[in-house]
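Undergrad: Structure provided below as structure tokens; questions to follow.
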Amino acid sequence: AKRKGLDADCMLDYALLTVPTAIVFARLYYVIFEWDQYAANPIHALFIWEGGIAIYGAIIGGALGLFIVSKWKKFDKDRIFRVFDMVSPGVMLGQIIGRWGNFVNGECHGLEASENFFFRMGLMGSNGRFTYYHPTFLYESVWNLIGFILINVFYKKKKFNGQVTLEYLAWYGFGRMFIEGLRTDSLYIGVFRISQVV
């Protein structure tokens with residue numbers, strides 16, 4: 001932040017609004033696309049501890065939080081994009097780490113995989129037998145790690161403010177489009193997987 005002409009208090013202002021906004025939007029995004037689960041008892045939409053958040057909602061909410069704080073600080077467009085560039089690598093790092101929560105919870109996995117498949121994740125079913133799945137959390141974590149390294153390498157060579165954010169969005173979106181096709185728990189719009197559409 002200091003290298004970019006911002007002090008620590010400024011970054012704290014961003015965190016105080018952006019983190020809660022990202023969490024609220026992550027839940028809201030999920031609830032919107034899974035409304036059938038909550039229509040009969042909408043109060044359950046507030047029960048975030050029961051699971052159900054979506055990273056694209058967090059990204060939208062986080063971006064909105066960054067924008068609101070930047071406007072409140074009366075930053076011009078160029079400085080706002082500079083802030084977005086500063087935050088993007090950290091968001092990707094958070095996604096790298098966060099996907100391992102899916103492994104711990106045994107969720108967000110892919111289609112069934114053969115017992116001989118090198119990259120497989122075994123989950124014990126209620127019958128006491130293991131079923132093997134594509135570990136899509138691992139695919140996404142590795143994809144984001146490669147993207148994190150690349151955008152940090154190119155950060156110092158950027159030609160305009162906002163470039164790093166665009167690189168992050170393009171890299172993550174492109175990989176997620178393919179990885180989402182393997183998942184068994186996708187959110188849908190009609191017959192389309194929303195994460196592939198986005």
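The values are calculated or read from the model by the stated rules, or taken from the named source; none is laboratory data. All values derive from a computational prediction rather than experimental measurement. Note that we place each Cβ from the backbone using ideal geometry, even for glycine, and neighbour counts take in every protein chain shown. With ligands, DNA and RNA removed, areas are computed over all heavy atoms of the protein, side chains included. Shrake-Rupley method; radii C 1.70, N 1.55, O 1.52, S 1.80 Å.
Undergrad: Rounded to the nearest 500 deg cm²/dmol, what is the calculated helix-only ellipticity per residue at 222 nm for the chain, with -39500 (n - 2.57) per DSSP H run of length n ≥ 4? Write down the numbers at each step before the final one.
TA: Numbers: 7 runs with 119 residues, N = 198.
One gets -20000 deg cm²/dmol as the mean residue ellipticity at 222 nm.
Undergrad: Follow-up question, since we're still on this one. Could you tell me which of ILE43, ALA113, PHE84 has its Cα farthest along the dipole of the chain towards the positive end, charges placed at Cβ (Lys, Arg +1; Asp, Glu -1), taken about the Cα centre?
TA: PHE84
Undergrad: For the stretch 68-116, what is the per residue volume of the convex hull drawn over the alpha-carbon atoms, in cubic angstrom?
TA: Numbers: hull volume 6.5 nm³, N = 49.
Measuring per residue, one finds 132 Å³ for the Cα hull of the stretch 68-116.
Undergrad: Apply the Karplus parameterisation 6.51 cos²θ - 1.76 cosθ + 1.60, with θ equal to phi minus 60°, to every residue of the stretch 11-21 and state each ³J(HN,Hα) to the nearest whole Hz, in sequence, with x for glycine and proline.
TA: Result, rounded to whole Hz: 5, 5, 4, 4, 4, 4, 9, 5, 5, x, 5.
Undergrad: Which ³J(HN,Hα) values, rounded to whole Hz and listed in residue order, are derived for the stretch 38-45 from phi using the Karplus coefficients 6.51, -1.76 and 1.60 in 6.51 cos²θ - 1.76 cosθ + 1.60 with θ = phi - 60°, glycine and proline given as x?
TA: So the Karplus estimates, Gly and Pro as x, are 10, 4, 6, 9, x, 4, 5, 4 Hz.
Undergrad: Starting from 0 in steps of 10 Å, tell me what percent of the Cα-Cα pairs of the chain lands in each bin.
TA: Binned Cα distances yield the sequence 8, 30, 34, 20, 7, 1.
Undergrad: In the structure displayed, which of LYS73/LYS158; LYS2/LYS73; LYS74/LYS158; LYS2/LYS158 lie more than 20 Å apart, Cα to Cα?
TA: On the way: LYS73/LYS158 24 Å; LYS2/LYS73 16 Å; LYS74/LYS158 24 Å; LYS2/LYS158 18 Å.
Where the Cα-Cα span goes over 20 Å, the pairs concerned are LYS73/LYS158; LYS74/LYS158.
Undergrad: Okay, next question. Above 21 angstrom, tally the Cα pairs of the stretch 96-197 and express them as a % of all pairs, no decimals. Display every interim value, and only then the final one.
TA: On the way: 2274 of 5151 pairs.
Considering the stretch 96-197, 44 percent of its Cα-Cα pairs are separated by more than 21 Å.
Undergrad: Under the 0.36 nm per residue contour assumption, what length would be gained going from the current alpha-carbon distance of TRP35 and GLU107 to full extension? Don't skip to the answer; put the middle values down first.
TA: Details: separation 72, 0.36 × 72 = 25.92 nm, distance 2.00 nm.
Answer, rounded to one decimal: 23.9 nm.
Undergrad: Same structure, new question: Tell me, what % of the accessible area of the stretch 46-198 is carbon and sulfur with a 1.4 angstrom probe? Each step should come with its number before you reach the end.
TA: Numbers: 6050 of 9030 Å².
Ligands and nucleic acids excluded, carbon and sulfur reach 67 percent.
Undergrad: Can you work out ³J(HN,Hα) from phi for every residue in the stretch 23-28, in order, using Karplus 6.51 cos²θ - 1.76 cosθ + 1.60 and θ = phi - 60°, giving whole Hz and x for Gly and Pro?
TA: 5, 4, 5, 4, 6, 4
Undergrad: So, in Å, what gap is there between the alpha-carbon centers of the stretch 143-198 and the stretch 46-81?
TA: The two parts, judged by their Cα centres, are 17 Å apart.
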